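Student: Take a look at this one; I'll ask things after.
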Amino acid sequence: MGGFFGAVSKTDCSLDVFFGVDYHSHLGTICGGMAMHSSDGRFSRSIHNIQNTPFRTKFEPDLPELAGNAGIGCISDTDPQPVLIRSRWGTYAITTVGRVSNLEELTRACINKNGGHFSMLDNGRINTSELVAAIINQYDSFAEGIRQVQKQIQGTMSILILTEQGEVIAARDLVGRLPISIGKKEGAMCASFEPFAYQKLDYEMVKELGPGEIVKLTPDGYEVLLPAEQEMKICGFLWTYYGYPNATYEGVNVEQMRYRDGALLAKQDKALGLAKDLDYVCGVPDSGVPNAIGYSNASHLPFARAFIKYTPTWPRSFMPTQQSVRNQVARMKQILVRELIHDKKLLFVDDSIVRGTQLRETADLLREYGAKELHMRSACPPIMYGCKYLNFSRNTSDTDLIARRTILDLEGLEGEKYIAEYANPQCDRGRCLRETIAKQLHLTSLEYQSLPNLLEAIGLDSCKVCTYCWSGKE
């Protein structure tokens with residue numbers, strides 16, 4: 001995924017940018033970067049690999065060289081950024097969050113049109129932010145160039161630009177799949193993916209940008225360069241998985257949404273006559289814990305922390321390139337409480353089930369500790385489609401997803417006609433999917449949240465929430 005933060009101030013704001021970016025560390029683990037602009041017109045920049053070291057550790061020694069009255073920074077799961085660009089608009093820094101599915105096509109178009117060139121990354125790709133800058137530079141203003149980028153790409157693109165005038169331009173993606181909010185304090189303004197990132201820095205929220213809205217920040221306020229578009233499709237997975245508990249998007253807090261989601265999951269189980277006579281309801285750390293609390297409160301079953309996530313020395317489990325290493329890291333991070341597991345009937349709530357590999361490892365570990373019954377609940381519907389708008393998963397094929405792989409095993413390609421039935425727990429195909437996956441993962445039972453319940457927990461109009469990964473609908 002990734003996240004970014006930018007600030008502009010009448011005084012030095014390098015610490016604001018440093019801490020603001022650091023508060024996005026839960027959104028990515030590949031690299032981090034900061035670019036600052038000083039009052040004498042000088043740019044400074046630093047980029048580090050943060051795969052095995054926290055952002056703060058890598059960037060704290062750089063702070064003396066990163067002083068400035070305006071700056072942007074990012075946590076990225078894709079390319080090294082921010083990128084410094086020299087162009088017809090002067091020198092500027094740019095950082096982006098999103099995904100460009102037609103990267104190669106746009107790259108060829110830029111090269112053929114301008115006879116230009118791009119630097120190559122180690123993986124043979126070009127830097128997405130450099131491509132975005134190349135498209136912007138073809139037009140008569142930053143705002144017009146950004147809008148053209150958003151119209152030309154297939155995917156999603158949110159942008160922060162630091163100009164040589166010491167201004168910050170913030171642009172939310174065209175249909176608002178990702179959030180950007182604006183904060184203000186005396187003599188300073190900021191733009192942030194995560195709104196909570198600036199609260200400890202004494203900024204107060206001024207507004208959330210609307211879909212496609214572009215603003216320019218100065219120390220005295222903001223100017224709307226292009227107004228918001230009407231259509232919004234904010235990513236539902238933000239609340240399910242990526243969002244930090246105190247984050248709020250479109251007025252909906254992540255933690256509260258997860259409580260509601262868990263409660264609706266419990267009511268769904270009750271309506272289906274499931275999950276009776278249990279000893280404890282538990283959450284798979286971290287995102288599954290509030291869902292489990294909501295389930296426990298609604299079902300009146302006791303909540304317990306049967307295993308604890310040990311994070312001081314381990315990176316996030318999806319980080320390593322090799323699946324076997326990710327599985328081992330996930331196993332090492334889980335510290336089980338044997339007294340809450342042995343000879344107990346347990347129900348666990350997880351935020352989602354993507355490939356299922358790590359969940360099987362978890363189930364086997366709980367069985368080793370003597371769990372009598374092991375019921376699993378997913379706080380979101382079966383993931384049927386790899387996301388084509390955001391980099392929230394490393395899937396290269398829909399068949400990497402355990403739900404789609406199971407459908408393929410059950411019916412072959414013919415099963416693709418019945419994906420909606422497989423997602424429905426009240427259909428024969430839906431029940432078969434759950435029973436088959438439960439057997440694969442060594443679970444007593446498995447159920448998923450329904451899409452209507454998930455949307456009810458979020459609380460926004462369904463037409464404003466992107467549910468592509470679950471429904472396949474644009």
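We did not get these values from a lab; they are worked out from the coordinates using the rules stated. All values derive from a computational prediction rather than experimental measurement. Using ideal geometry, Cβ is built from the backbone for each residue, glycine included, and neighbour counts are taken over all protein chains shown.
Student: Sorting R45, R88, R431 on the 10 Å Cβ count, fewest up front, what's the list?
Tutor: Ascending number of Cβ neighbours within 10 Å: R88, R431, R45.
Student: On to the next question. Would you list S462, S445, S450 from fewest to most Cβ contacts within 10 Å?
Tutor: Neighbour counts put them in this order, fewest first: S462, S445, S450.
Student: Shifting gears a bit: Give the calculated FRET efficiency between H442 and K270 to the nearest 0.05, with a Förster radius of 30 Å applied to their Cβ-Cβ distance.
Tutor: According to the calculation, E is roughly 0.75.
Student: Taking the Cα-to-Cβ direction at K417 and at D400 and moving 7 Å from each Cα, how far apart do the two end points lie in nm?
Tutor: The two pseudo-label positions are separated by 2.9 nm.
Student: So if R0 is 51 Å, what FRET efficiency would S39 and K113 give, r being the distance between their Cβ atoms, rounded to the nearest 0.05?
Tutor: Plugging the Cβ-Cβ distance into 1/(1 + (r/R0)^6) gives 0.90.
Student: Tell me which of G155, L27, Q81 sits at the most positive position along the dipole axis of segment 3-232, charges placed on C-beta atoms (Lys, Arg +1; Asp, Glu -1).
Tutor: Looking along the dipole axis, the top candidate is G155.
Student: Okay, next question. By how many degrees, 0 to 90 and rounded to 10, does the Cα axis of helix 323-333 deviate from the longest principal axis of the chain?
Tutor: With both axes taken from Cα atoms, the answer is about 80 degrees.
Student: Quick check on the exposure proxy: order M120, M205 from fewest to most C-beta atoms within 10 angstrom.
Tutor: Placing the least packed residue first, the sequence is M120, M205.
Student: Can you run phi through the Karplus equation (6.51, -1.76, 1.60; θ = phi - 60°) for segment 262-276 and list ³J(HN,Hα) in whole Hz, with x for Gly and Pro?
Tutor: The phi angles translate into x, 5, 5, 5, 5, 5, 5, 4, 4, 5, 8, x, 10, 6, 9 Hz.
Student: Would you kindly state how much longer the chain becomes between R431 and E186 on full extension, computed as 0.36 nm times their sequence separation minus their alpha carbon distance, in nm to one decimal?
Tutor: My answer for the length gained is 82.4 nm.
Student: Assigning unit charges at the beta carbon (Lys, Arg +1; Asp, Glu -1) and nothing else, what dipole magnitude in debye, to the nearest 20, does the chain show about its Cα centre?
Tutor: For this selection, approximately 800 debye.
Student: How far is it, in nm, from the label point at Q199 to the one at K345 when both lie 7 Å from their Cα along the line to the Cβ?
Tutor: Going from the Q199 label point to the K345 one covers 3.9 nm.
Student: Size of the dipole of segment 3-232 about the Cα centre, Lys and Arg at +1 and Asp and Glu at -1 on the beta carbon, nothing else charged, in debye to 20?
Tutor: 380 debye
Student: Now a separate question. Can you list which of the GluC sites (Glu not before Pro) found in segment 365-421 are DSSP loop residues with at most 16 other C-beta atoms within 10 Å?
Tutor: none
Student: Pairing the Cα long axis of helix 142-152 with the longest principal axis of the chain, what angle in degrees results, from 0 to 90 and rounded to the nearest 10?
Tutor: The angle comes out near 40 degrees.
Student: So which of K58/K216; K10/K216; K388/K464; K58/K200; K216/K388 end up more than 19 Å apart by C-alpha?
Tutor: Too far apart for the 19 Å limit: K58/K216; K58/K200; K216/K388.
Student: On to the next question. Give the lysines whose C-alpha is closer than 27 Å to that of K439, dropping any in the same chain fewer than 8 places away, or say none.
Tutor: Answer for K439, where 27 Å is the Cα cut-off: K267, K270, K276, K309, K333, K344, K345, K372, K417, listed by chain and number.
Student: Okay, moving on. Mind running the shape call on segment 253-471? Use the C-alpha gyration tensor, a ≥ b ≥ c as the square roots of the eigenvalues: rounded below 1.5 for a/c, prolate if a/b tops b/c, oblate otherwise.
Tutor: rounded
Student: Can you tell me the 0 to 90 degree angle between the C-alpha axis of helix 402-411 and the longest principal axis of the chain, rounded to 10?
Tutor: Its long axis makes an angle of about 50 degrees.
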